[in-house]
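Here is the structure we will look at, set down as structure tokens.
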Amino acid sequence: MEENRLKAPLADHLANERTFLAWVRTAIAIMGFGFVVVKFSIFIKQISLTIGRPPQGQSNVNSYLIGISLVALGSAIIIFSYFRYITTAEAINKGTYYNPQLLIKMLALAIFIISLGLLYYLLLSV
């Protein structure tokens, strides 16, 4: 394996590693946003109880679902990006690399669906 690695340009492997780290940063940001969505819902619930208004039940459920979905999406991105990193490293070593778009398409679709849920939640809370 080490002999094959030396045959591929080092810059290609470094670029692959930078791409993997970018995916990890993206996943952490998405999970952080999901955490904030859930915690903000808890904060709104506490404020509602403090001022004597009952919290909106469905609104809190939507917030929890969206937040948990974002954290789950971030976790999935880390797993998928790891497998893409390994696959890309092997393809670079073999000289058979091509640019797959499946992970990017899946991420865009998942974020779009979750953003629709967030938009729905925001419209209900206005």
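All of the numbers you see were taken from the coordinates with simple rules; none came from a lab. For clarity, every value in this text was computed on a predicted model and none was experimentally measured. With ideal geometry, Cβ positions are generated from the backbone for all residues, glycine too; neighbour counts draw on all protein chains shown.
Computed values, structure above
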| read-out | value |
| --- | --- |
| Leu123-Ala29 FRET efficiency (beta carbon distance; Förster radius 25 Å; 0.05 resolution) | 0.55 |
| Pair Tyr82, Phe40: separation of 7 Å Cα→Cβ label points (nm) | 3.0 |
